[in-house]
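The next block holds one structure in the form of structure tokens; read it before the comments.
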Amino acid sequence: MDTILASASAPEILPADTGGTSPPDKQAVLQRIKQLKQRRNPYVERWKAIRDYELPYLGEFEGEEGDYNKGKRTDLSIANGVAWLAGQAFSAGIMSGLTPPSRQWFKFGFSDEGISDIEAERVLDERQAIVEAALHRSNFYNTIHACYLELPFGQAPIGVFPSPQSGVRFQAYTVGTYYLDASAGGRVNAFARKVRMSAAQIAEQFGESNLPRIVREAYDTPSRRYDPKFDVWWLVQENRRRRPGSPRNTDMPWESLYWVDGQDITDHGGFLYVGGCQEFPVLVGRYQVTGSDVYGKGPGWYAEGDSKMLQAMKKDLLTNAELSVKPPMVADAASYQKGVNIYPGGVTLASAMGQGPGVVPAFQVNNNPSWLAQEIQRTEDAIKRIYSADLFLMLDSIETPQMTAREVMERQQEKLQQLGPVVERLQDEFLTPIIERVYNILERENLFPPLPDDIAERLSEADVKIEYISPLAQAQKMSGLVNIEQALAFVGSMAQLYPEALKMIDPLGTVKRYFDLLGAPAAMQRSEDEAMQLIQQEQEAMQQQEQAAQAMAAAQAAAPASQAAKNLTDAAKDGNPALQQVLGMNATGAPMV
């Protein structure tokens, strides 16, 4: 990713700051909003249906009864809440599987697997730790979980902004409150939303001097200052008016515009604020995208029919139970006039109606609708499968308690791989841009330690990427690890009969590849040069040991011969004539001349 280690650019300006020149054409901006509304309109009814029958506490839609009544009940169409529980399991499973707060789930590495630069990798690990610490210090994990809750609608936006307190801050946007557009390549490149604010809030965020006339009048009236009566629009899109190289925030790649709905165009050019961002500040995760669609489709779309049917069946089941307990009655006029006691243990005095009693049930009710209960159970299971809740709750549903840990892991990996396409999309167009933007914000705030010139030069020439090592990402890579393990096991067994088979294995390359798939940190690895030096030192030490052993063996072999010669010499000196003649000695034991 080319944004890593990019040169620091002009700092972004927060909406509360003043600044910005040459505002865009207000009429063109309003026309843009109109187009965004038209593009979103076909989806609204589907989102409302998903909200009404599956996820009742999510979403805000303009124009509904109780639009701004946050305490209004939205679950009145739901008699069975299994879809909501499945959505909770889905969001928690994605959270723990893709971005778990308790463990490292991403790291920086080189796109070229042939590069072996441990010093540079350690620098990347250090910066990865700083980015991870910034995420923990901010509200990232709370916000990202809120996004995963929204994902069944098809998409979930998250805003990433600089923060003087924590470095970065995040904001989630619920369905119905935003408008999106995408480029020809399918990437989301426009985001708009409308939020209701009071005059005091507008003044706090944008400054009193920027208040338009209609807001200023409310702000100057104490009784109207704190009533949220103004709709404030925010639009971020590509800045086609920018001048490359200019340090102004209005010349950044993305323009950020705020204005009050109904604001007079003569007030500050019709805008509360005109600024920009270095990167697109709102990243959108999408579950599944069809063709060039801007908005996605999630589990809520596919479970809508089952959810509606489930609510109808559950109401029928409850109606059946109620009819069994309190069936409709038929009574003659005299009994009805006297009153019918339908409470348990109640007595009704009635005159005879022919041969029958004065009060009888209108019809017989089947009080054991087992077929309906079974159909409800099948529908609940179908909804759980659509939401992948059965996948994330798999360990709770294993029916074989004797299953080994290896079997559990293999079954879990097999099921997790079913989410492969969703995981790839979320990593590519959601998590990667989030990390890139957080990295660049921290770099512009000088929160990374300075780099030595040689390492900075090496990194600037390398293509750095983000690697994901979360449980879901590891499940996708696990097949590669299994292949390595199986290949080594095969070679090991074959080497027992044919030792030359070991020559086919490159130990250092195999370990390097295994570490890469696992996402092992660079701090626990040695460079290839360091490993070769250690191997050479071990070989030299072994050679020295062999030479010392050979010298010792030669000395031990020479010792008996030396002792034998000494013994012969001593015997000859003692006067042995035969030995003296053999050794060339005279009778005195001295060598003969």
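The values are calculated or read from the model by the stated rules, or taken from the named source; none is laboratory data. Since this is a predicted model, take the numbers as computed values, not measurements. Cβ coordinates were reconstructed from backbone atoms using ideal geometry, including for glycine residues, and neighbour counts include every protein chain displayed. To get the accessible areas, we keep the full protein, side chains included, count just its heavy atoms, and leave off ligands, DNA and RNA. Shrake-Rupley method; radii C 1.70, N 1.55, O 1.52, S 1.80 Å.
Before moving on, here are some points about what is shown:
- Test result for Tyr287, surrounded by 17 or more Cβ atoms within 10 Å (Cβ to Cβ) and either more than 30 Å from Pro152 (Cβ to Cβ) or not hydroxyl-bearing (Ser, Thr, Tyr) (or both): no
- Pair list, Cβ under 6 Å, 6 or more apart: the range 117-143 residue under 19 Å from Met95 (Cβ atoms), other residue among the aromatic types (Phe, Trp, Tyr): Val131/Tyr439; Asn139/Phe170; Phe140/Phe170; Thr143/Phe170
- Subset of the range 280-298 (residues that are farther than 25 Å from Arg240 by Cα and β-branched (Val, Ile, Thr)): Val289, Thr290
- Hits in the range 250-279 (condition: closer than 20 Å to Glu445 by Cα, touching a residue at least 60 places away in the same chain (Cβ under 8 Å), open to solvent by less than 20 Å² (accessible area, probe 1.4 Å) and not in a strand (DSSP E or B)): Thr250, Met252
- When Ile118, Ile94, Ile144 are checked against the criterion of being in contact with a Phe, Trp or Tyr (Cβ under 8 Å, 6 or more places away or on another chain), over 14 Å from Ile434 (Cα atoms) and of a type in the set (A, V, I, L, M), a single residue qualifies: Ile94.
- For the range 395-418, the count of residues that are at pLDDT 65 or above, outside any loop (DSSP other than H, G, I, E, B), touching a helix residue (DSSP H, G or I) at 6+ places or on another chain (Cβ under 9 Å) and farther than 25 Å from Pro152 by Cα is zero.
- The lone exception for His136 - which of (1) touching a strand residue (DSSP E or B) at 6+ places or on another chain (Cβ under 7 Å); (2) closer than 30 Å to Gly275 by Cβ; (3) assigned to a helix (DSSP H, G or I) it fails: (1)
- Among residues of the range 175-186, those that are touching a strand residue (DSSP E or B) at 6+ places or on another chain (Cβ under 9 Å) and open to solvent by 10 Å² or more (accessible area, probe 1.4 Å), counted: 5
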